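**Student:** The structure's right below; bear with me while I get my questions together.
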Amino acid sequence: MENFTFYTPTKVVFGKDSDRQVGNLIKEQNCKKVLVHYGGESARKSGLLDRVFQSLQENDIEYVQLGGVVPNPHLSLVYEGIELCKKEGVDFILAVGGGSVIDSAKAIGYGMTNDGDVWDFYAKKRQATACLPIGTILTIAAAGSEMSDSSVITKEEGWLKRGYSSNYCRAKFAIMNPELTYTLPPYQTASGCADILMHTMERYFNRAENMDMTDGIAEALMRTVIENAKTLKVNPTSYNARAEVMWAGSLSHNGLTGCGTDGGDWASHQLEHELGGMFDVAHGAGLAAIWGSWARYVYETHVERFAQFAVQVFGIECDTDLKVTALKGIEAMEEFYRYIDMPTSVHELGVDLTDEQIDELALKCSFGNTRTIGVIKKLGLEDIRKIYQMAR
Ligand code: NZQ
Ligand code: ZN
């Protein structure tokens, strides 16, 4: 087991009606003015936003609002948010939505507390030294941003989607009412489940050893998400299935399933981020589309790990030839994706990649041929190009 630091400062308030506590939770933060940040129409339509405003008013909390966050959130709205917060004297941000809204809130928080252009952090030019405090009301179980240290923003100029991680942006609290996710379209529910699985799979596929505890948590989490994603396909208002998936979503990306690993692989995420930036696909669906090709390209370099995945997550009998077992595990994962109507190729995402587009994706993903991605197998520009070709 490798050395690690496990840090999860976020207070989780989970369960039915938990969103009604928002005013009280913000009051504990002793702030002067709140930005309520949200996405398109879903939070307004469901009545959630009205309940939030009511709870703030009941607690005499001043607020301003900024909606319009889109999936794969845009840098331009982040700039707009920073301007608004400066003008209004905002000192706390409440994100009402999913990963995109929370990530946009985190970026605004960085912009409020650091001089210069906030994009510098995402472009890896310098490090942030602070972030405004953030609270969240989660409306989709997926990205795990409610407990993670990350935020992912898309710069429209060049369609660059880039992540930035630091503990400063970790949410002060996360309100998680599984009932809020009943209104999700089935595609978003499934895409969220794919992303949750991938946050643990990225960590699970690593090269560290002796991680019985962490492996056990990770395998239980993956089995739980798979079972409950299947339930949600036929019964989208199963409270228990929504609750299992929502809690798994946070635990999958708060660091727990990575304790003692070497950090994990993360190549699939890097490959997807370029697809998301250029073609605006749903993040989890993009991961499902790429994962099988990544797995087939790399599995022989750590066949034991892929065989363990097959046996522990899908109950596949171990063959004397571990490669056979490993491949059965990859096939089982893809069969599951198909069952929940997730794509297993980029074509099924609605994108038919040209050779030129593959070159551009590979160049962007390798930061202009200056870095490799992944730890199961280190992937350079040529490897990345081949995986996009396999996945097209
Ligand atoms: O904008 P609205 O109308 O709210 O619609 C959203 C959006 O269209 C809708 N939605 C959300 N809650 C709903 C709902 N519709 C009906 N009922 C509800 N209760 O769902 C759509 C997707 O929302 P989004 O916030 O984009 O989803 P998700 O949570 O999957 O976030 C994706 C973003 O997070 C990034 C992704 O790259 C992507 O940009 N990630 C962030 C991470 C992090 N910060 O730690 C890690 C992840 O790996 C990921 O990269
Ligand atoms: Zn993800």
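**Student:** Non-local amide H neighbours of Phe92 (under 5 Å, H modeled in plane, Pro and chain starts lacking H): which ones?
**Tutor:** Lys33, Leu35
**Student:** Still on this structure: Taking only Cα atoms of the range 95-136, what ratio of Rg to Rh do you get with Rh as the Kirkwood inverse-distance radius?
**Tutor:** On the way: Rg = 10.4 Å, Rh = 10.6 Å.
Using Cα coordinates only, the ratio equals 0.98.
**Student:** Still on this structure: Let me know the shape class of the range 42-94, please: from the alpha-carbon gyration tensor, a ≥ b ≥ c as square roots of the eigenvalues, rounded when a/c is under 1.5, otherwise prolate if a/b is greater than b/c, or oblate.
**Tutor:** Note, shape of the range 42-94 comes out oblate.
**Student:** Work through the residues other than Ser191 whose Cβ is under 12 Å from its Cβ and net out their charges, Lys, Arg +1 and Asp, Glu -1.
**Tutor:** Around Ser191, the charge tally is -3.
**Student:** Using alpha-carbon pairs under 8 Å, 6+ residues apart, how would you state the relative contact order of the chain in percent? Write out the running numbers ahead of the final one.
**Tutor:** Numbers: 781 pairs, mean separation 60.5, N = 392.
Relative contact order for the chain comes out at 15 percent.
**Student:** Between Glu304 and Ala123, what FRET efficiency follows from the Cβ-Cβ distance if R0 is 35 Å, with the result rounded to 0.05?
**Tutor:** Working from the Cβ atoms, E equals 0.40.
**Student:** Same structure again: Taking only DSSP H segments of four or more residues, each worth -39500 (n - 2.57), what value at 222 nm results for the chain once the sum is divided by all its residues, to the nearest 500 deg cm²/dmol?
**Tutor:** Values: 15 runs with 192 residues, N = 392.
Rounded to the nearest 500, it is -15500 deg cm²/dmol.
**Student:** Also, I was wondering about something else. Any idea what log10 I(q)/I(0) is at q = 0.09, 0.12, 0.20 Å⁻¹ for the range 104-259, Debye with uniform C-alpha scatterers and no solvent?
**Tutor:** Taking Cα atoms of the range 104-259 as identical point scatterers yields -0.33, -0.58, -1.21.
**Student:** I would also like to ask the following. If each residue's Cβ is checked for other Cβ atoms within 10 Å, how do Ser293, Ser150, Ser165, Ser100 rank with the fewest at the top?
**Tutor:** The order, fewest Cβ neighbours first, is Ser165, Ser150, Ser293, Ser100.
**Student:** Each residue of the range 98-109 in turn: what ³J(HN,Hα) in whole Hz from Karplus with 6.51, -1.76, 1.60 and θ = phi - 60°, glycine and Pro shown as x?
**Tutor:** Each residue of the range 98-109 in turn: x, x, 5, 5, 5, 5, 5, 4, 4, 5, 4, x Hz.
**Student:** Sticking with this one: Would you mind computing, in nm to one decimal, how far apart the modelled labels at Lys87 and Arg223 are, each placed 7 Å from Cα along Cα→Cβ?
**Tutor:** About 5.5 nm separates the two model spin labels.
**Student:** Among bridges DSSP assigns within the chain, what percent are antiparallel (round to 5)? Intermediate values should be presented prior to the final figure.
**Tutor:** Working: 7 of 31 bridges.
Antiparallel: roughly 25 percent of the beta bridges in the chain.
**Student:** Moving to a separate point now. Once the Cα atoms of helix 267-279 and of the chain are each reduced to a long axis, what angle between those two axes, in degrees from 0 to 90 to the nearest 10, is obtained?
**Tutor:** 60 degrees
**Student:** So what's Rg/Rh here for the range 11-180, counting alpha carbon atoms and using the Kirkwood radius for Rh?
**Tutor:** With Rg and the Kirkwood Rh in hand, the quotient comes to 0.94.
**Student:** Spelling out what I want: for every residue of the range 233-249, take phi, set θ = phi - 60°, compute 6.51 cos²θ - 1.76 cosθ + 1.60 (Karplus), and round to whole Hz; glycine and proline get x.
**Tutor:** Per-residue couplings from phi come out as 5, 9, 9, x, 9, 6, 4, 5, 5, 4, 5, 4, 5, 5, 5, 4, x Hz.
**Student:** Which whole-number value in Å³ per residue fits the convex hull of the alpha carbons of the range 184-391?
**Tutor:** Taking the convex hull of the Cα positions in the range 184-391, it is 111 Å³ per residue.
**Student:** Calculate, in whole percent, how much of the Cα-Cα pair population of the range 1-102 lies beyond 21 Å.
**Tutor:** On the way: 2067 of 5151 pairs.
Across the range 1-102, Cα pairs with separations above 21 Å total 40 percent.
**Student:** Suppose a student asked you for the relative contact order of the range 272-355, using Cα pairs under 8 Å spaced at least 6 residues apart; what percent would you report? Intermediate results must be reported in sequence, preceding the final value.
**Tutor:** Working: 92 pairs, mean separation 27.7, N = 84.
Relative contact order here is 33 percent.
**Student:** Mind listing which trypsin sites (Lys or Arg not before Pro) in the range 31-96 are in a DSSP loop and have 16 or fewer other Cβ atoms within 10 Å? Walk me through the numbers before you get to the answer.
**Tutor:** Values: sites: Lys32, Lys33, Arg44, Lys45, Arg51, Lys86, Lys87; in loops: Lys32.
Taking the range 31-96 and a limit of 16 other Cβ atoms within 10 Å, the loop trypsin sites (Lys or Arg not before Pro) found are Lys32.
**Student:** Comparing Gly368, Gly260, Gly286, which has the greatest mean-square fluctuation in the GNM of the chain with Cα pairs linked when under 10 Å apart?
**Tutor:** Gly368
**Student:** Please say if the chain is rounded, prolate or oblate, where rounded means a/c under 1.5 for a ≥ b ≥ c the square roots of the C-alpha gyration tensor eigenvalues, and otherwise the choice is prolate for a/b larger than b/c and oblate otherwise?
**Tutor:** prolate
Bear in mind these aren't lab numbers, they're just calculated from the coordinates by the rules spelled out. The structure presented is a predicted model; accordingly, all values stated were derived computationally and were not measured. Using ideal geometry, Cβ is built from the backbone for each residue, glycine included, and neighbour counts are taken over all protein chains shown.
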